[in-house]
1. Of the conditions (1) over 24 Å from the mean Cα position of the chain (by Cα); (2) under 19 Å from residue 375 (Cβ atoms); (3) in contact (Cβ under 8 Å) with a residue 24 or more places away in the chain, residue 466 clears all except one; give me its number.
2. Is there a residue being over 28 Å from residue 314 (Cα atoms) and either at pLDDT 95 or above or touching a helix residue (DSSP H, G or I) at 6+ places or on another chain (Cβ under 6 Å) (or both) anywhere in region 92-108?
3. Looking only at residues that are outside any loop (DSSP other than H, G, I, E, B) and polar (S, T, N, Q) in region 8-32, which one is modelled with the lowest pLDDT?
4. Tell me, please, whether a residue that is closer than 23 Å to residue 165 by Cα and either in contact (Cβ under 8 Å) with a residue 24 or more places away in the chain or of a type in the set (A, V, I, L, M) (or both) can be found in region 349-369.
5. If the requirement is being surrounded by fewer than 21 Cβ atoms within 10 Å (Cβ to Cβ) and among the small types (Gly, Ala, Ser), which of these qualifies: 447, 463?
6. I'm trying to understand the selection: among the residues of region 102-112, which are assigned to a helix (DSSP H, G or I) and either crowded, with 18+ Cβ neighbours inside 10 Å or of a type in the set (Phe, Trp, Tyr) (or both)?
7. When you scan region 216-246, how many residues do you find that are touching a strand residue (DSSP E or B) at 6+ places or on another chain (Cβ under 6 Å) and polar (S, T, N, Q)?
8. From the list 129, 171, which one is touching a Pro at 6+ places or on another chain (Cβ under 6 Å) and either within 25 Å of residue 283 (Cα to Cα) or modelled with pLDDT of 95 or more (or both)?
Amino acid sequence: MELVAENAPKTETGTTAPASIPQADARHVLHPWADLSSLGTQDALVISTAKGVRVRDSEGKSYLDAIGGMWCMTLGYGREELAEAMADQARKMAYYTPFGDVSSEPAARLAEKLASLSPGDLNRVHFTTCGSTAVESAIRIAHYHFAAQGQPERRHVLSRINAYHGGTYLTQSLSGKSADRTLFHYEAGFVHHLSSPGYDPDRSNLSAEEKLQELLSEMEAEIKRIGPDKIACFIAEPIMASGGVLTPPEGYQKATCDLCHKYGILYISDEVVTGFGRLGHFFASEVRFGLEPDMVITAKGLSSGYQPLGAVLVSDRIASALAKNAPADKPVFSNGFTYSGHPVACAVALANIEIMEREDICGHVRDVGPYFIEKLRELRGEDIVYTVRGDHLMACVECWTGEEIGPTAANMALAQRVDSYCQEAGLLVRPYENLCILSPPLIIERADIDRIVAILADALNRAEADLKAGKL
């Protein structure tokens, strides 16, 4: 099928001339998180090819990809082993239904492998298509878990301001980023948001211990206000990713997990971003933060972005309770998706894990991650940098004009200008509000880290000059 632009000119033969890719995109594609004010006129950056940590646009310009696609391109672009795993499984068996008692070899083997990598007794795996559907499934599992035990009133869910948990109706309701709340409808009856746990010792007037106690006191007060016998679960990213790479005070993750278990509330750790190597481990919950969740969410790096895939890792305790307490007249677990445990996606994920283990990708991240944060923190001396925060290969540079902090119109315009200068120099960062978010592929080396920081420094200087000259 040829791409045809609206009001496209006729060729000499009288047929309509195919549109260019940007024209076709502008005319026909409604992008996720699109700016509707420019719908139909947007000039999309069309990425055509990619290799390693670099991508190339349709005009042939090369960029260092400092956002890893979208947190997910962990092993880098153009990995032949992943492409071959995809092709081999597609030739062998591209798809069959995962419903009921039907499975595939890749799904069974991947579930077994994930159980071996996960913390605690998370030995049961429910496959989904992405992080959003995995989070939604985890909440439904929590609801079913309590309802099957005669506690259907335990349906309330605790989340947090600045959290991001996905793009479905329920997961958008769980998310607490005010910028993402527009004219859609959101669940407010059983979803509750605690304060953002982000703690920046460079900017806070509180000590880490004071901040921790403040957050825990608020959480316990909210539990008592709602009623612990009415709360099903608490869902939390160990480090808030899309919300601005927000790191809680030390001890927060374990302390909130302990508080949940004190009141019989399930703890769901959303490791869509922090898992699969970004913090230097397959899963960060236990080894980095000392907690054993009741469920863990994974996606993105699970397949290194080569295939859409997500999963909920469920504790044996919960899985056993589901089976034991399922209604005798209707014992069906009625949650899942056409492409749950897709054999091609699972085959890629298995190959991805094999490469990560063979090449010690997690060890590499533990080596270069601190260097990445150290070099970025050198940018704190720039006048338009409010702060720099991060952990291993997830980081954020927060911009400000020197007046109000946060996502004001002036601060956001400044960050957009920084992003524009970075792109001009061949670096892709992720602009969000007044933030420049970075999450490069896990295979990145020190030389490219140095290049990221050098380009960012120059972009910050140029944007500051524009600010002083009244061009913003």
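The values are calculated or read from the model by the stated rules, or taken from the named source; none is laboratory data. Remember, it's a predicted structure, so these values are computed and weren't measured experimentally. When we count neighbours, we look across all protein chains shown, and the Cβ atoms used for this are built from the backbone with ideal geometry, even at glycine.
1. (2)
2. The answer is yes; a qualifying residue exists.
3. By that ranking, first place goes to 16.
4. Residues of region 349-369 closer than 23 Å to residue 165 by Cα: 349.
Still in the running and either in contact (Cβ under 8 Å) with a residue 24 or more places away in the chain or of a type in the set (A, V, I, L, M) (or both): 349.
Looking through region 349-369, at least one residue is closer than 23 Å to residue 165 by Cα and either in contact (Cβ under 8 Å) with a residue 24 or more places away in the chain or of a type in the set (A, V, I, L, M) (or both).
5. On the way: 463 fails: surrounded by fewer than 21 Cβ atoms within 10 Å (Cβ to Cβ).
On inspection, the qualifying residue turns out to be 447.
6. 106, 107, 110, 111 - these are the residues of region 102-112 that are assigned to a helix (DSSP H, G or I) and either crowded, with 18+ Cβ neighbours inside 10 Å or of a type in the set (Phe, Trp, Tyr) (or both).
7. 0
8. Testing whether each residue is touching a Pro at 6+ places or on another chain (Cβ under 6 Å) and either within 25 Å of residue 283 (Cα to Cα) or modelled with pLDDT of 95 or more (or both) leaves just 129.
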